[in-house]
Amino acid sequence: MSVYTLDWIHKKEISCIAVDNIAVERLPSEIDGEFIPFHQIAIRDIGLSLGEIFTFDELAKDCAGDGAYEFLWVAPPLNIPHAVGSPLNALAIK
């Protein structure tokens, strides 16, 4: 994602982003001399949760199959004291 989308993301009150790549943001950085500026602003300043390396193929097929594209997505992290990241067991509940 572009660092320049963060203002829009914040205004729309988006709480999390899940992507199918390993970085979430555009690499190389859009801002010279800055390493992962999207992460810096999203996590530190906005409190946005970022999810990487998700696969949505099965969910997309299921949604297309029954025509229902609304669901509750939950992804509780492991309780690791002092950690800043964790594997998830994400579920889409329709």
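The values are calculated or read from the model by the stated rules, or taken from the named source; none is laboratory data. Worth saying up front: this structure is predicted, and the values here are computed from it rather than measured. All Cβ positions, glycine included, derive from the backbone under ideal geometry; neighbour counts span all protein chains shown.
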Which of (1) farther than 24 Å from Leu91 by Cβ; (2) at pLDDT below 90 does Ile46 not meet, given it meets every other one?
-> (2)
Before we move on, is Val84 of a type outside the set (Ser, Thr, Tyr) and over 13 Å from the mean Cα position of the chain (by Cα)?
-> yes
Considering segment 30-44 alone, what residues qualify as being small (Gly, Ala, Ser) and either touching a Pro at 6+ places or on another chain (Cβ under 6 Å) or part of a helix (DSSP H, G or I) (or both)?
-> Ala42
Tell me which residues, restricted to segment 20-41, are in contact with an Asp or Glu (Cβ under 8 Å, 6 or more places away or on another chain) and farther than 25 Å from Asp57 by Cα.
-> Ile36, Pro37, Phe38, His39, Gln40
Check segment 6-25 and report whether any residue there is closer than 26 Å to Leu91 by Cβ, of a type in the set (Ser, Thr, Tyr) and out of contact with any strand residue (DSSP E or B) (no Cβ under 6 Å at 6 or more places or on another chain).
-> yes
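Touching a helix residue (DSSP H, G or I) at 6+ places or on another chain (Cβ under 6 Å) and under 20 Å from Pro76 (Cα atoms): is that true of Leu6 in this structure?
Judged against the criteria, Leu6 is not a match.
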Those residues of segment 10-27 which are in a loop (DSSP other than H, G, I, E, B) and either surrounded by fewer than 11 Cβ atoms within 10 Å (Cβ to Cβ) or polar (S, T, N, Q) (or both) amount to Lys12, Glu13, Ser15, Asn21, Ile22
